[in-house]
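Values quoted throughout were computed directly from the atomic coordinates according to the rules given, and no laboratory measurement underlies them. Fair warning: this is a prediction, and the values are worked out from it, not measured in the lab. When we count neighbours, we look across all protein chains shown, and the Cβ atoms used for this are built from the backbone with ideal geometry, even at glycine.
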Amino acid sequence: MFIGFQHREILVSADGAVPVDSDDFPAEVGNGTTLAGSAATDLRTAIETAGDYTQMTVRVQMSGTQFGLGAGGKPMPKTIKLVNDGFKCPPASRQ
């Protein structure tokens with residue numbers, strides 16, 4: 001998963017994931033970072049699980065800090081997207 005941080009953030013920990021773009025924590029992630037790894041590395045699709053969120057989601061808890069955020073600014077990432085090479089959501093089929 002790519003997280004497009006934007007405020008000179010430093011990621012201190014991500015429970016259940018590791019940064020791909022750096023060696024270890026703490027990691028400077030101000031230009032964004034890619035996180036990978038989890039106990040459940042291959043999640044199932046909504047079609048395969050009949051919409052059961054417990055089988056198709058993973059929770060990653062992150063902690064860190066940011067610099068350069070102006071007064072009243074919101075410390076939110078600019079973008080969050082799935083970057084999984086070769087992932088294709090299969091079409092629905094009837095059995």
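In a DSSP loop and with at most 13 other Cβ atoms within 10 Å, the trypsin sites (Lys or Arg not before Pro) in the range 1-75 are Arg44, Arg59. Check each of the chymotrypsin sites (Phe, Trp or Tyr not before Pro) in the range 1-90 and keep only those in coil by DSSP with at most 16 other C-beta atoms within 10 angstrom; list them in order. In loop regions of the range 1-90 (DSSP not H, G, I, E or B), the sparsely surrounded chymotrypsin sites (Phe, Trp or Tyr not before Pro) are Phe67, Phe87.
Compared with the direct C-alpha span, the chain from Thr65 to Asp23 gains 13.3 nm at full extension, assuming 0.36 nm per residue.
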